[in-house]
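Visitor: Before anything else, here's the structure in question.
The values are calculated or read from the model by the stated rules, or taken from the named source; none is laboratory data. All values derive from a computational prediction rather than experimental measurement. Every residue, glycine as well, gets a Cβ built from its backbone with ideal geometry; the counts of neighbours run over all protein chains shown. To get the accessible areas, we keep the full protein, side chains included, count just its heavy atoms, and leave off ligands, DNA and RNA. Shrake-Rupley method; radii C 1.70, N 1.55, O 1.52, S 1.80 Å.
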Amino acid sequence: VTINSAVSNPTTGQQGATFTITMTYTVSAPTGPGFLTIVVIPPDTGAPLSDSEFVEGQANGQYQISWQLQTTPNEQEPFSNGVYQAYVAVCEGDCTTKHPYGGIYAEAQTKFTISS
């Protein structure tokens, strides 16, 4: 598996903006069941935000997935100004090596900025 691109649209926005993170990737050998995962690290000490999409396994070909993040401040996440790192991955199993069938096929990162 090769990640061809990981991009944020827009790359900069104000609090309340919706950021779309898109990952495009190529499978060159059939995969087993696993997850397509995103983890967003805020610039402050806030907790990371994450999401995953289960896939049964994928045949050779090119694929794309997008996640949308609405940045309206709330009790759990203030969405402070700064640079947010977004890590995306295509995984076998649960993205860990705790199990013999788990691991990361490929990973990449992008970023977006919240500014006032």
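Visitor: Take the residues in the stretch 1-20 that are under 16 Å from Ile41 (Cα atoms) and of a type in the set (A, V, I, L, M, F, W, C), then tell me which one is surrounded by the most Cβ atoms within 10 Å (Cβ to Cβ).
Guide: Looking at residues that are under 16 Å from Ile41 (Cα atoms) and of a type in the set (A, V, I, L, M, F, W, C), I get Phe19.
Visitor: Which of the residues that make up the stretch 21-36 are touching a strand residue (DSSP E or B) at 6+ places or on another chain (Cβ under 6 Å) and open to solvent by 30 Å² or more (accessible area, probe 1.4 Å)?
Guide: Thr26, Phe35, listed by residue number.
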